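Let me begin by presenting the structure, written as C-alpha cells, before commenting on it.
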Amino acid sequence: MAIDAATVRKVARLARIAEPEERIEALTQELNGIMTWIEQLAEVDTDGAEPLTSVVAAGLPLREDVVTMGGEPQVVTGNAPKSVSNFFVVPKVVE
Amino acid sequence: MSALTKLTLKGAIDGLAAKDFTSVELTKAHIDAIEGARGLNAYILETPEQALDMAAASDARRAKGEAGPLDGAPLGVKDLFCTKGVRTTACSKILENFVPAYESTVTSNLWRDGAVMLGKLNLDQFAMGSSNETSYFGPVTNPWRAKDSNKALTPGGSSGGSAAAVAADLCLGATATDTGGSIRQPAAFTGTVGIKPTYGRCSRWGVVAFASSLDQAGPIAKTVEDAALLLNSMSGHDEKDSTSLDVPTPDFTQFVGKSVKGLRIGVPKEYRVDGMPAEIQKLWDDGVAWLKEAGCEIVEISLPHTKYALPAYYIVAPAEASSNLARYDGMRYGLREEGANLAEIYENTRASGFGDEVKRRILIGTYVLSAGYYDAYYLKALKVRRRIAEDFDNAWTKVDAILTPTAPSAAFGLGENSSDPIAMYLNDVFTVTTNLAGLPGLSLPAGLDANGLPLGLQIIGKPLDEGTVFSVAGAIEKAAGFTAKADKWW
C-alpha cells in the first residue's frame with residue numbers, strides 16, 4: 001500500500017497544509033518509511049478484539065444544559081489575528 | 001544564596017515552615033540561577049516579577065498561618081499549560097503570540113496550594129518529539145555532559161525544558177506532560193524523577209492538546225517524595241475535562257518509604273530488546289536485586305504485544321493530533337498568513353505555523369483517517385491497543401507492579417537522531433505501552449553509565465495504584481543511593 005506523490009498532495013490538501021512541489025518527493029519517502037514500519041501491525045491477530053478508544057471505563061458524564069461561562073466576547077476575540085467590535089474578521093467566502 | 005536552589009521541594013517547604021528563609025529569598029535564588037543558565041535554553045519565558053509577587057503573597061499567607069501544602073515553592077511550568085495572561089506557545093510559531101485568557105486546571109491547583117511560578121519551560125513543538133529539537137525556540141541542552149566531553153546532549157523530550165530545569169536546580173519541580181514517554185524519558189536522561197499518573201488523574205483542561213486519549217500531565221522532580229508532593233496538588237476531578245476521573249486523591253507521600261515486603265514485581269521478558277546497552281541491562285538487574293533484598297518477589301512475566309505498541313501509537317497519536325490541530329486555522333487565534341482565498345489562507349497559515357515533525361504527524365494522521373484506509377490502519381491500531389491493554393490485565397493477575405528500564409539508551413547528542421524519524425520514535429519503546437493502556441508509570445534515576453550519564457528505571461502500576469508505584473520507587477531510590485548531579489558548566 002505504497003504512498004505515491006499524488007497521495008501526498010491529496011493528504012496535504014485534506015490537512016490544509018501547503019506543501020511546495022519540491023518537498024513532495026522527500027515527504028513521499030518519509031511517509032512511506034513510516035507507514036512501512038507500521039505495516040508490522042498486520043502480524044497481530046486482532047480477531048474478536050474490541051477497538052480500544054478510551055481507557056476510561058466510565059461513561060461520559062452529563063450536566064444540565066445551561067450556560068456556565070461566557071458573555072465575554074472581548075476575551076474570546078482577544079487573541080484573534082483580526083477582529084472588529086468583538087467579531088472575528090474572516091475572508092469573504094460567499095461571492 | 002545558591003544553596004537554596006540545591007534544596008529538594010520537601011526540604012524547601014520544611015525550611016519555609018521553620019522560617020529559615022522566606023519564599024521571596026527562595027524565589028530570588030532561583031531567579032538568579034535561571035538568569036545564569038540561559039545557555040541551557042530551558043526557560044523560553046521568565047516571569048520574575050510575577051514570581052516575586054507570588055512569593056511575597058505566600059510569605060504573607062504563611063505569616064497569617066494560612067500556608068498551603070506547596071506554599072512559597074518556586075516551580076517551572078511546561079509551556080503546554082495555559083497560564084492566564086502569560087504567553088503560552090506549545091513552542092510553536094503558530095502560537096508564538098498566544099496569551100491565554102484562562103488558567104489550566106493543573107496549574108490552578110498548584111497556585112491554589114501556594115506554589116510560585118518562575119516561568120514557562122521549553123518543549124518539543126506541540127509535545128511532538130523525543131529530543132526537544134522540534135521546539136520553535138531551539139532545543140534545550142542537557143545540563144549533563146559525558147565524562148571528558150563538551151558535546152551538547154539532548155535532555156530528551158518532549159518535556160526537556162522541565163527535566164533540564166529540575167536537573168540544573170532552576171526550579172524545585174516542574175509540570176510536564178506525557179503522551180508516549182514525554183515525562184519519563186527526559187527524567188531518565190537528566191537524573192530526575194518523573195511520573196505519568198493514571199489517565200484521568202490530572203485534568204487536561206487548559207493543556208494544549210496533542211493526542212487526547214493518551215495525553216496526561218504529571219510532575220518532574222528531584223526526588224520520589226517531591227514527585228508525590230507535586231502530584232498530590234496536580235491531581236483531582238475536574239468537571240471541565242469529561243475524562244477526568246471522579247475519584248479521591250490519596251496522599252501519595254504516605255506511600256514513599258512504605259515497606260515493599262511481599263510485593264510481587266513483574267519483569268517483562270519482551271523488554272529485553274536487541275541492541276540494548278549492557279549497562280542498561282545491568283541497571284535493570286540491579287533494580288531487581290534491590291527489590292529482592294527489600295523483600296519483593298520477582299516474577300518473570302510476558303507482555304507479548306510490546307513490540308507492536310510503537311507502531312500502534314504512531315497511528316493513534318497522529319490521528320488524534322490531526323483532528324486536534326485542525327483548530328489552528330488562523331481565524332480565531334494564532335498566526336494568520338495571507339492567501340488568495342480562504343483555503344489558501346488555511347494552507348499557508350498551517351504550512352508556515354507548524355514545524356516539520358508536526359506537519360509529518362498531521363499528514364500521517366490525515367492519511368490513516370482518510371477514506372479507504374480507516375479500517376486498515378486506524379481501526380487495526382485500536383484493536384492492537386486493546387491487545388496491549390489485555391497484556392497488562394493478564395500481568396496484574398500475577399504481579400503488583402512492573403519494573404523495566406525507562407529508555408533504551410542514555411542521553412544522546414543533539415542532532416544525532418534528527419534525520420531518522422523512526423530512530424527517534426524508538427526512544428519511547430519502553431514508555432509508550434503505559435500511555436496506550438492508561439497506566440501510571442514513574443521513572444527514577446538509578447545509576448550512571450560508563451560515561452557518567454544518568455540512567456533511569458521505570459515502575460509501572462495498576463490503574464489508580466500510584467501508591468504502590470511510589471512505594472517501589474522509594475525502595476529503589478533508597479537502595480540506589482543516587483545523588484549524582486551534573487557538574488555546572490553553564
- Return a yes/no flag: does the stretch B:37-47 have any residue that is surrounded by fewer than 17 Cβ atoms within 10 Å (Cβ to Cβ) and among the polar types (S, T, N, Q). no
- Message: Looking at the stretch B:313-334 only, could you name the residues that are under 16 Å from B:Phe210 (Cα atoms) and surrounded by 23 or more Cβ atoms within 10 Å (Cβ to Cβ)?
- Response: B:Tyr313, B:Tyr314, B:Ile315, B:Val316, B:Ala317, B:Pro318, B:Ala319, B:Ala321, B:Ser322, B:Leu325, B:Tyr328
- Query: Taking the condition touching a residue at least 24 places away in the same chain (Cβ under 8 Å) and more than 10 Å from B:Ala90 (Cα to Cα), does B:Ala127 pass?
  - Reply: no
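Being at pLDDT 95 or above and on the phi > 0 side of the Ramachandran plot narrows it down to one of A:Arg9, A:Arg16, so name that one. Full working, then the answer.
Details: A:Arg9 fails: on the phi > 0 side of the Ramachandran plot.
Unique residue meeting the criteria: A:Arg16.
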- Looking for whichever is in contact with a helix residue (DSSP H, G or I) (Cβ under 6 Å, 6 or more places away or on another chain) and not in a loop (DSSP other than H, G, I, E, B) here; the options are B:Glu279, B:Glu270. Which one fits? B:Glu270
- Query: Taking B:Phe189 and the conditions (1) touching a strand residue (DSSP E or B) at 6+ places or on another chain (Cβ under 8 Å); (2) in a helix (DSSP H, G or I); (3) more than 25 Å from B:Tyr314 (Cα to Cα), which numbered condition does it fall short on, given that it satisfies the others?
  - Reply: (3)
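Which one is nearest to B:Gly353 (Cα to Cα), of the residues in the stretch A:18-38 that are part of a helix (DSSP H, G or I) and at the interface with another protein chain (Cβ under 8 Å from one of its Cβ atoms)? Give the derivation first.
Restricting attention to the stretch A:18-38, the residues satisfying the condition of being part of a helix (DSSP H, G or I) are A:21-38.
Restricting the remaining residues to those that are at the interface with another protein chain (Cβ under 8 Å from one of its Cβ atoms) gives A:27, A:30-31, A:33-35, A:37-38.
Working: A:Leu27: 18, A:Glu30: 20, A:Leu31: 20, A:Gly33: 25, A:Ile34: 23, A:Met35: 25, A:Trp37: 28, A:Ile38: 27 Å.
Here the answer is A:Leu27.
For residues in the stretch B:342-390 being β-branched (Val, Ile, Thr) and in contact (Cβ under 8 Å) with a residue 40 or more places away in the chain, which is farthest from B:Leu214 (Cα to Cα)? Please lay out each step first, then the result.
Keep residues of the stretch B:342-390 that are β-branched (Val, Ile, Thr), which gives B:345, B:349, B:358, B:362, B:364, B:366, B:368, B:384, B:388.
With in contact (Cβ under 8 Å) with a residue 40 or more places away in the chain added as a condition, the list becomes B:349, B:358, B:362, B:364, B:366, B:368, B:384, B:388.
Details: B:Thr349: 27, B:Val358: 17, B:Ile362: 16, B:Ile364: 17, B:Thr366: 18, B:Val368: 18, B:Val384: 15, B:Ile388: 14 Å.
The residue in question is B:Thr349.
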- Task: Please state which of the following conditions B:Asp286 fails to meet, knowing it meets all the rest: (1) of a type outside the set (A, V, I, L, M, F, W, C); (2) part of a helix (DSSP H, G or I); (3) crowded, with 20+ Cβ neighbours inside 10 Å.
- Result: (3)
- Note on the structure: In the stretch A:78-90, anything more than 8 Å from chain B (Cβ to nearest Cβ), in a loop (DSSP other than H, G, I, E, B) and either on the phi < 0 side of the Ramachandran plot or not hydroxyl-bearing (Ser, Thr, Tyr) (or both) is listed as A:Asn86, A:Val89
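Do you know which of the residues in the stretch B:334-353 that are in contact with an Asp or Glu (Cβ under 6 Å, 6 or more places away or on another chain) and within 7 Å of chain A (Cβ to nearest Cβ) is farthest from A:Glu95 (Cα to Cα)?
The extreme case among them is B:Asn348.
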- Task: Go through (1) facing another protein chain (nearest Cβ under 9 Å); (2) out of contact with any Gly (no Cβ under 7 Å at 6 or more places or on another chain); (3) modelled with pLDDT of 95 or more one by one and return the number of the condition B:Ala309 breaks.
- Result: (1)
- Query: Got at least one residue in the stretch B:319-333 being within 28 Å of the chain's Cα centre (by Cα), within 7 Å of chain A (Cβ to nearest Cβ) and outside any helix (DSSP H, G or I)?
  - Reply: yes
- How many residues, within the stretch B:115-128, are touching a helix residue (DSSP H, G or I) at 6+ places or on another chain (Cβ under 6 Å) and not hydrophobic (A, V, I, L, M, F, W, C)? 2
- Query: How many residues are surrounded by 11 or more Cβ atoms within 10 Å (Cβ to Cβ), over 30 Å from B:Ala340 (Cβ atoms), more than 7 Å from chain B (Cβ to nearest Cβ) and not aliphatic (A, V, I, L, M) if we restrict to the stretch A:46-77?
  - Reply: 1
- Check the stretch A:50-59 and report whether any residue there is assigned to a helix (DSSP H, G or I) and under 30 Å from B:Val384 (Cβ atoms). no
- State which residue is surrounded by the most Cβ atoms within 10 Å (Cβ to Cβ) when the search covers only the stretch B:354-370 and only residues that are closer than 16 Å to B:Asp329 by Cβ, facing chain A (nearest Cβ under 8 Å) and in contact with a helix residue (DSSP H, G or I) (Cβ under 6 Å, 6 or more places away or on another chain). B:Ile362
- Item | Breaking point among (1) at the interface with another protein chain (Cβ under 7 Å from one of its Cβ atoms); (2) assigned to a helix (DSSP H, G or I), for B:Tyr378 | (1)
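The values are calculated or read from the model by the stated rules, or taken from the named source; none is laboratory data. This is a predicted model, so every value here is computed, not measured. With ideal geometry, Cβ positions are generated from the backbone for all residues, glycine too; neighbour counts draw on all protein chains shown.
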